[in-house]
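Here the structure comes first, spelled out in structure tokens, and everything after it is commentary.
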Amino acid sequence: MLKLRHPVSLLIITLLVLLGVLRTFSTPEPVGADAPDVVFSAVRAEAVLADLLHEGRPHVAGSPANRVVRDRAVTHLEDAGYSPEVQSLFHCNPRFGACSRVENIVAVKPGRVGRDAVLLTAHYDSVWAGPGASDDGAGVAAILEIARMAADFPPFENDVIFLFSDSEENGLLGADAFARHHPSFARVKAVINLEARGVTGPSMLFETGEGNRSLIRLFAKNAPRPVANSLLYEIYQTLPNDTDYSVYRDRGVMGLNFAFAGGVALYHSALDDPDHLDLGSLQHHGDNAWALVNALGDRDLSRIRSRE
């Protein structure tokens, strides 16, 4: 029988490990609006979200309310110095047998070389049930704040494309339309997608493409609080849900798909509003995305892919 020589020391070590694990699966403290622009602030992003969803009502693709949200997002990009484009077309996605009008918002921070591009994306339409503050307003607000932060930065080596896709809830129509018809998609070599299936919890990396060993290492090295969970992906595969990254993954583009999934009872409900969004989750979304924009922006994207 094994006899523990130092049970107290073992208990202390076990508790420290447990505390480390629990900290990993908690959300960071929101950073205030007075933070420098090299640091993502959930408080600043929250103000953007409040502006986008001022009326607190659903804004499904094709509705007048969605056009209001679209125009507000465009204004935020213009105020940051971009010249955003609205990719407008009627589009069908055969995979889901769905069709609708699509109005994607596209803005680009040109790179020094500009041969390749990093795509940072979230969808701005909601379901009929609620205003979609978490799904996917949090992702949209985080990216708008990151676009503002990046506007005054020196150019990265690669282009950074900010895409706010439309009609995701109808069958990934905006992402599919961008991949099929927008000329800039040909330069996209890496995708960062922000999503949610709840209103709280850590922003977890739950899906990547094939050959992702080098990409995972890059995420682990550069994100200040990296969280990933392969079990979540196994659960995700059994659910009747999909995300925009599926469109890009199926075209062989490497990527990182993030979502927070706590408070799932409020998902796709009238209570998915700014008051119920955990600012720690918004902070974690922004921290992950901003770190990866910086890491991927100056990398040779052709050399990240691994066979493992």
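The values are calculated or read from the model by the stated rules, or taken from the named source; none is laboratory data. Since this is a predicted model, take the numbers as computed values, not measurements. Note that we place each Cβ from the backbone using ideal geometry, even for glycine, and neighbour counts take in every protein chain shown. Heavy atoms of the whole protein, side chains included, go into the accessibility calculation; ligands, DNA and RNA do not. Shrake-Rupley method; radii C 1.70, N 1.55, O 1.52, S 1.80 Å.
Amide H of VAL102 versus every other amide H placed in the peptide plane: which residues, excluding those fewer than 5 positions away on the same chain, fall under 5 Å?
LEU89, PHE90, HIS91
Using a Gaussian network model of the chain whose springs link C-alpha atoms within less than 10 Å, name the residue from ILE216, ILE192, ILE105 with the highest mean-square fluctuation.
ILE216
Along the charge dipole of the stretch 79-216, which of THR121, PHE164, ALA186 sits closest to the positive end, that is, farthest toward it, with unit charges on the beta carbon of Lys, Arg, Asp and Glu (+1, +1, -1, -1)?
So the residue we want is ALA186.
Where Lys and Arg each count +1 and Asp and Glu each count -1, what net charge lies around PHE178 among other residues with Cβ under 13 Å from its Cβ?
It works out to a net charge of -3.
Which percent, to the nearest 5, of DSSP beta bridges fully inside the chain are antiparallel?
Around 50 percent antiparallel, to the nearest 5.
Tell me, what is the 1.4 Å probe accessible area of VAL38, in Å² to the nearest 10?
Estimated to the nearest 10 Å², VAL38 gives 90 Å².
Calculate the dipole size of the stretch 106-181 relative to its Cα centre from +1 charges on Lys and Arg beta carbons and -1 charges on Asp and Glu beta carbons; express the result in debye to the nearest 20.
340 debye
In whole Å, how far is the Cα centre of the stretch 89-125 from that of the stretch 33-77?
Going from one Cα centre to the other spans 18 Å.
Express in whole angstrom the spacing between the alpha-carbon centres of the stretch 177-209 and the stretch 254-308.
9 Å
Give me the compactness ratio for the chain, meaning the Cα radius of gyration over 2.2 N^0.38 Å.
1.00
Which residue, PRO274, PRO94, PRO28, has the most motion in a Gaussian network model of the chain that connects Cα atoms within less than 10 Å?
Answer for the Gaussian network model of the chain: PRO94.
May I ask you to order 205-215, 132-142, 146-156 by the average number of other C-beta atoms within 10 Å around their residues, highest value first?
132-142, 205-215, 146-156
Carbon and sulfur together cover what percent of the accessible area of the chain at a 1.4 Å probe radius?
That fraction is 57 percent.
Rounding to the nearest 20 debye, state how big the charge dipole of the chain is about its Cα centre with +1 on each Lys and Arg Cβ and -1 on each Asp and Glu Cβ.
Here the size comes out at about 1380 debye.
Cut-off 13 Å, label point 7 angstrom out along Cα-to-Cβ of ALA270: give me the residues of the stretch 116-153 whose amide nitrogen falls inside.
Under 13 Å, as judged by backbone N against the label point of ALA270, lie 129-131 of the stretch 116-153.
For HIS54 and GLU85, calculate 0.36 nm times their separation in residues minus their Cα-Cα distance, and state this gained length in nm to one decimal.
Additional length available on full extension: 8.9 nm.
Please calculate how many Å² of accessible area the stretch 74-217 carries per residue, with a 1.4 Å probe and no DNA, RNA or ligand atoms counted.
Per residue, the stretch 74-217 has 34 Å² of solvent-accessible surface.
Work out how much length SER302 to GLU210 would gain on full extension: take 0.36 nm times their residue separation and subtract the Cα-Cα distance, in nm to one decimal.
Result for the pair: 31.7 nm of gain on full extension.
What does the charge dipole of the stretch 102-246 about its Cα centre add up to, to the nearest 20 debye, if the Cβ of each Lys and Arg holds +1 and the Cβ of each Asp and Glu holds -1?
780 debye
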